[in-house]
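My questions will all concern the structure given below.
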Amino acid sequence: MNDLLEMPALSPQQTTDLLQLAQTIKQRPTAWSTYLQGKSIALLFEKPSLRTRASFAAGIHRLGGHSIYLDAQNLIGEREPATDVGANLALWHDAIVARVYSQHTLSDLATASDKPVVNALSDTCHPCQALADLLTLQEQLGDLSQVHLTYIGDGNNVCQALMAGAARTGMHMQVVTPEGYAPDAVLTAAAQQQAEQTGGSITVLHDLTKLQSTDAIYTDTWFSMGQSRDNNAVMHDFAPYQVNSDLMKRLGAKYFMHCLPAYRGREVTAEVIDSPQSLVLKQAENRLHAQNAILVKLFEGAHA
Ligand code: CP
Ligand code: NVA
């Protein structure tokens, strides 16, 4: 593994190995406490972040490494191309963790840098989130190939990463979005093809009455960072797709999931997200362990 730019870049075996490693690191964190000794990692963020930024900083520290945070809102683009940013950062740092708008910015950073680049969320994909979510589901429900997950809401970066993750682990995932907000058709087809090989399934639909029973319901904000959408239209289109206790009951869902930040009263009611069924803090906690597994894999060569 040289970079982690998108979830589909991982094979099913790599995905399973990362989950296994994350679980091992979570159980025995001190075993890796000098793994990144002497290494420095740049956290380059074009968008705000609480969980990703704080969990990477803490996780890198736990691995014995050092991180610096760079607010990239005005760094990439007009001031300097992403390729120049990547080439320069690679002179002083051993890896770049980047949260960006365009997926192209990540590939430009990776092309110009001879050090690993990790996607900390782009408009297309959120692989660190998906790995933490798979880890959380595995902890709660065991064998992922037996898990039925429902994603409801916007077919965005989080949804697309989860579809790819579900496809790689043989999960059964139904995605339901309002018309016009489905995940990318090419990414969906690729996930469906991958799922056929792992014995999983990915279904995308719009009709809420067609939903089948599920182990967990996952949703995300209706307003992702950087999107310019008509607020009134979004509120109108998404209103029927709110996760509330009626939907949880109707689908027999044991768990509720959300990547956070969440907007109570919009995509989910407070009653559901603040209930014992909610896994949101377990997901957030697992960000650190999943990301440390990614970092350990990326630097495996240096330890061979
Ligand atoms: N879930 C997630 O990525 O949170 P942040 O935007 O706070 O990093
Ligand atoms: N879909 C959201 C996820 C935030 C972690 C966004 O892109 O803003």
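The values are calculated or read from the model by the stated rules, or taken from the named source; none is laboratory data. Model, not experiment: these values are computed from the prediction. All Cβ positions, glycine included, derive from the backbone under ideal geometry; neighbour counts span all protein chains shown.
Considering only residues of segment 268-284 that are assigned to a helix (DSSP H, G or I) and surrounded by 17 or more Cβ atoms within 10 Å (Cβ to Cβ), which is farthest from the chain's Cα centre (by Cα)?
Ranking the qualifying residues of segment 268-284, first place goes to V272.
Could you please let me know if Y151 is part of a strand (DSSP E or B), within 16 Å of ligand 1 (Cβ to nearest atom), at pLDDT 95 or above and not assigned by TED's automatic domain parsing to the domain that holds L21?
Against the criterion (part of a strand (DSSP E or B), within 16 Å of ligand 1 (Cβ to nearest atom), at pLDDT 95 or above and not assigned by TED's automatic domain parsing to the domain that holds L21), Y151 qualifies.
Still on this structure, please answer the following. What pairs can you find where one residue is in segment 117-131 and on the phi > 0 side of the Ramachandran plot, the other is more than 11 Å from ligand 1 (Cβ to nearest atom) and of a type in the set (A, V, I, L, M, F, W, C), and their Cβ atoms are less than 8 Å apart, with a gap of 6+ or different chains?
Taking only residues 6 or more apart or on different chains, the pairs are L121/V100.
Residue-wise test of (1) touching a Leu at 6+ places or on another chain (Cβ under 9 Å); (2) within 16 Å of ligand 1 (Cβ to nearest atom).
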position	(1), (2)
R51	yes, yes
R62	yes, no
G77	no, no
T83	yes, no
C125	yes, yes
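While we're looking at this one, here's another question. Against the definition (away from ligand 2 (no atom under 16 Å from the Cβ), within 25 Å of A57 (Cβ to Cβ) and of a type in the set (D, E)), how does D123 come out, yes or no?
Criteria not met by D123.
Now, a different point. Suppose we filter segment 52-110 for residues that are modelled with pLDDT under 95 and aromatic (F, W, Y); how many remain?
Here the count works out to 0.
For D71, state whether it is more than 23 Å from D123 (Cβ to Cβ) and either within 16 Å of ligand 1 (Cβ to nearest atom) or buried (at least 18 other Cβ atoms within 10 Å of the Cβ) (or both).
No.
Considering only residues that are under 16 Å from the mean Cα position of the chain (by Cα) and near ligand 2 (Cβ under 8 Å from one of its atoms), which ones fall in segment 219-241?
Passing the criteria: D220, T221, S224, M225.
Let me ask something else. Of all residues in segment 179-232 being farther than 18 Å from H258 by Cβ and among the β-branched types (V, I, T), which is surrounded by the fewest Cβ atoms within 10 Å (Cβ to Cβ)?
T209
Also, I was wondering about something else. Take V97 and tell me if it is touching a residue at least 12 places away in the same chain (Cβ under 8 Å) and within 15 Å of ligand 2 (Cβ to nearest atom).
Taking the combined requirement at face value, the residue satisfies it.
Additional query: It is to be established whether one or more residues within segment 286-304 are at pLDDT below 95 and outside any helix (DSSP H, G or I).
yes
Still on this model: Filter segment 73-121 down to the residues that are under 25 Å from P8 (Cβ atoms) and of a type in the set (F, W, Y) and list them by number.
Y101
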